[in-house]
Every structure is written in structure tokens, then in C-alpha cells.
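Notes for the one structure printed next.
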Amino acid sequence: MVRLLNCLVLGYLTWTLRISDARGEYCHGWLDSSGNDQEGFQCPEDFDTADATVCCGSCSLRYCCAAPDARLDQGTCTNDRQVENNTPSYNTSSFLQVARFS
């Protein structure tokens, strides 16, 4: 019960104090038409208005905007920059065996 209360208080403070800057969509990194890597970014960016929370534009030029009907469906883009996966892989079958016998 105490753990639940702590989570609720932390969630409330995060929401009201805007501790988290992740208010909008994330525009994925991409390769532009010249083959240059473009970094992804969180909407809204520093120079955007606060309501520019949607990733818009085209697969080769992305920006934040406030119009949900102009949203870029990034899942259809074939030029998303590939990010190296540095997360360790785990053998899930061993994990399941340990969990089953615990």
C-alpha cells in the first residue's frame, strides 16, 4: 500500500511540475536525401510553440507541428536511421527455467 501511494505521489508531482520533458512525439532519426544522418528529436523542440507536439513533414524532412491531421506516419518511412542496439541479449529459456524452479 505504501509503495502504491509513493508511485501515485511521484506521478502527480511529475505531471504537475512537468519534471518530464517528454510531452509530444519523438521524430526518429533519418537519412536525408543527401545521405546525411539527421538526429531524432523530441517534440516540441526548444524553438517550437508548446502545442507543436506531433511529428510532421515527410520521410526526408521532419519537424514538429500542432496539426494532428498532418502527422507523419514514420512507420512507412524506409530511411529511418539504424541505431546500434547495445543492449545485452539474454537467454530467455534459462530465465524461464530459473523462474519455474524458484
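The values are calculated or read from the model by the stated rules, or taken from the named source; none is laboratory data. Worth saying up front: this structure is predicted, and the values here are computed from it rather than measured. Here the Cβ positions follow ideal geometry from the backbone for every residue, glycine too, while neighbour counts run over all protein chains shown.
Computed values, structure above
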quantity: Test for residue 100: is it modelled with pLDDT under 95 and either of a type in the set (D, E, K, R) or part of a helix (DSSP H, G or I) (or both); calculated: yes
quantity: Number of the exception - residue 80 against (1) modelled with pLDDT of 95 or more; (2) within 13 Å of residue 29 (Cα to Cα); (3) within 17 Å of the chain's Cα centre (by Cα); calculated: (1)
quantity: Within region 7-31, considering residues that are charged (D, E, K, R) and modelled with pLDDT under 90, the one farthest from residue 76 (Cα to Cα); calculated: 18
quantity: Search result, residues across region 36-60 that are assigned to a strand (DSSP E or B) and closer than 11 Å to residue 79 by Cβ; calculated: 37, 38, 58
quantity: Pairs where the first residue, in region 28-48, is closer than 14 Å to residue 60 by Cα and the second is surrounded by fewer than 12 Cβ atoms within 10 Å (Cβ to Cβ) and charged (D, E, K, R), C-beta under 7 Å, 6+ apart; calculated: 29/37; 29/39; 31/37
